[in-house]
1. Tell me, yes or no, whether segment A:377-392 has at least one residue that is open to solvent by less than 30 Å² (accessible area, probe 1.4 Å) and at positive phi.
2. Scan (1) open to solvent by less than 70 Å² (accessible area, probe 1.4 Å); (2) of a type outside the set (Gly, Ala, Ser); (3) over 23 Å from A:ARG435 (Cβ atoms); (4) not in a loop (DSSP other than H, G, I, E, B) for the single condition A:LYS234 breaks and write down its number.
3. Tell me the strands (runs of 3 or more DSSP E) entirely within segment A:107-226 that contain at least 3 residues that are touching a residue at least 40 places away in the same chain (Cβ under 8 Å) and within 12 Å of RNA strand B (Cβ to nearest atom).
4. Going through segment A:292-311 one residue at a time, which ones are in contact with a strand residue (DSSP E or B) (Cβ under 9 Å, 6 or more places away or on another chain) and either open to solvent by less than 30 Å² (accessible area, probe 1.4 Å) or part of a loop (DSSP other than H, G, I, E, B) (or both)?
5. Farther than 30 Å from A:VAL152 by Cα, of a type in the set (A, V, I, L, M, F, W, C) and touching a helix residue (DSSP H, G or I) at 6+ places or on another chain (Cβ under 9 Å) - does that describe any residue in segment A:477-495?
6. Between residues in segment A:390-409 that are over 23 Å from A:TYR273 (Cβ atoms) and residues that are of a type outside the set (Gly, Ala, Ser) and in a strand (DSSP E or B), which pairs lie under 7 Å by C-beta distance while being six or more apart or on different chains?
7. State yes or no: is A:GLY456 buried (at least 20 other Cβ atoms within 10 Å of the Cβ) and within 28 Å of A:ASN419 (Cβ to Cβ)?
8. Give me the pairs, please: first residue somewhere in segment A:297-315 and without any contact (Cβ under 8 Å) to a residue 12 or more places away in the chain and farther than 20 Å from A:ILE179 by Cα, second residue anywhere and open to solvent by 50 Å² or more (accessible area, probe 1.4 Å) and acidic (Asp, Glu), beta-carbon distance under 6 Å, and either six or more positions apart or on two chains.
Amino acid sequence: MSIEQNLDLNELMQVRMDKLKELKEKGINPFGQKFNPTYSTKEILDQSEELIASGQEVIIAGRMMAKRGHGKAGFANLQDLDGQIQIYVRLDDVGPEAHDLFLKADLGDIYGVKGFVFITKRGEISVHAREFILLTKSLRPLPEKFHGLKDVELRYRQRYVDLIMNPEVKETFVLRSKIIKAMREYLDNKGFLEVETPTLHNIAGGASARPFITHHNALDIQLYMRIALELHLKRLIIGGLEKVYEIGRVFRNEGISTRHNPEFTMIELYQAYADYEDMMVLTEEMVAYIAEKCLGTTKIVYGDQEIDLTPPWNRMTMIDAVKKYAGVDFKEIATDDAAREVAAKLKVAVPKDATKGSVLNEIFEEYVEPHLIQPTFIMDYPIEVSPLAKKKDDDPNFTYRFEAFIVARELANAFSELNDPMDQKERFTKQVEQREKGDEEAHMMDEDFVRALEYGMPPTGGLGIGVDRLVMLLTNSQSIRDVILFPTLRPRQDI
RNA sequence: GAGCCAUUAGCUCAGGCGGUAGAGCACCUGACUUUUAAUCAGGGUGUCGAAGGUUCGAAUCCUUCAUGGCUCACCA
């Protein structure tokens, strides 16, 4: 099976295949062996004064992104992880064979250069080559050097090309890595233990979402891809691990949008003997720490909005928020009927059998969420929409739960964890009833989780954050696909 | 799932009223030993997303489909 048969050859590729053949005939390996650069392009630019003064040898490697030939000499730009640097290749200095290699070099090829640093007449720090070595021949032409790769579909499908051509894409993903590193650092410093729990679940719990269903052949059982990390992590709290977190992929079989990808990254953490108040402090501190560490500031820009992540963040109960933005005081609403009447008045669609708490939640989403631009904790969620959160001592219709909102989007969800096994069992039972009524997103019964609670879970605070959405916020990305390297797309045969 | 928009050369894009396709970059040939969106002279780019239809004639008009984007719906 030859390469020629594997690749569809247009004329541009045919030219490169011919060059490849010619290189092989000359004994040059077009897909070379390892190479040890001594400097990155950025290091050379940063240390240029010393390097020019000393005249010492530098060894660099990178992809050729531009070439300007002048007969017996020429310039090119090599790109590595950190940026680009210009190289100068002169017949007198590299010899006829390497110079011929330079003449035939294509944009996209990967070369190694040994030489010394100098400044050109026009003032550009460059590497004057003494050796010019082919490391990898590129067979496909790169996109246009000035406009880069714009086609969004191609950018997502062929992220490798996107990364080669668009430096800001590379920056986004480098920053994503730093954000997650800072998150780990913050939690590790607080004594949290990072753990890994199964992604294949017998019961998909911990969130309201439709799962992906899969099958294990040897066991001949149906399995679900996890939709949350919650229930396993709480089992670990019961086991005595006290402070745990997991950063991992979860999978939800739902629509795709600029804010939803079928697989995405969540962090969940649980702290024994803590409550949701502690989680609020932890949330605002951790996000501020990450921003400071990665961006050098807690005042960020998202779209055309300036966001101040400096703690403490605003706090408001859901009831107060609805009172403020929708003008309805749910403290004065006694019955489900009255609540549904209010919903009708506010033109919020709710199911016929909607309860007071779920109506409150709907009105909140419709009337309040769009206003929550600056970081805000919304506290005390209705019990109906919070099947895993502890009831409030002073009002069993509400829970010790909050969500954090920034730029009108949910960033975090946290609560004082429900640790009463009998209550938990009742809540699951209610969820199962919802499920039987056709709500595919309602929880399933998880008997083992109830059993675990029966052994006793200490009072615990838990927190979940959508990592991709946090990265979007901190990298000023408008689509979740811009912070996920390979977003989910429908496959295509024709490209 | 619905609405709107897009799909033309490897890439970025033009193609008024329907007359069988263009530019720049990239590529090829030649010149040029400090250029930088290098320059100069010459050269070829193609299933116009796919399939039907209307028409003497379709990149262009119509229908269906495919893929993507945005908005909405869905969605802790």
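The values are calculated or read from the model by the stated rules, or taken from the named source; none is laboratory data. Just so we're clear, the structure is a prediction, and the values are computed from it rather than from any experiment. So basically every Cβ, Gly included, is an ideal-geometry build from the backbone, and we count neighbours across all protein chains shown. Remember, those area values only see protein heavy atoms, side chains included, never the ligands or the DNA or RNA. Shrake-Rupley method; radii C 1.70, N 1.55, O 1.52, S 1.80 Å.
1. Within segment A:377-392, one or more residues are open to solvent by less than 30 Å² (accessible area, probe 1.4 Å) and at positive phi.
2. Status for A:LYS234: all satisfied but (3).
3. Filter on segment A:107-226 gives A:110-119, A:125-136.
4. A:THR298, A:ILE300, A:TYR302, A:ILE307, A:LEU309, A:THR310
5. No, every residue in segment A:477-495 fails to be farther than 30 Å from A:VAL152 by Cα, of a type in the set (A, V, I, L, M, F, W, C) and touching a helix residue (DSSP H, G or I) at 6+ places or on another chain (Cβ under 9 Å).
6. What qualifies is A:ASN397/A:PRO382; A:PHE405/A:THR376; A:PHE405/A:ILE378; A:PHE405/A:LEU411; A:ILE406/A:ILE307; A:VAL407/A:TYR302; A:VAL407/A:GLN305; A:VAL407/A:ILE307.
7. no
8. From residues that are without any contact (Cβ under 8 Å) to a residue 12 or more places away in the chain and farther than 20 Å from A:ILE179 by Cα, there are no pairs.
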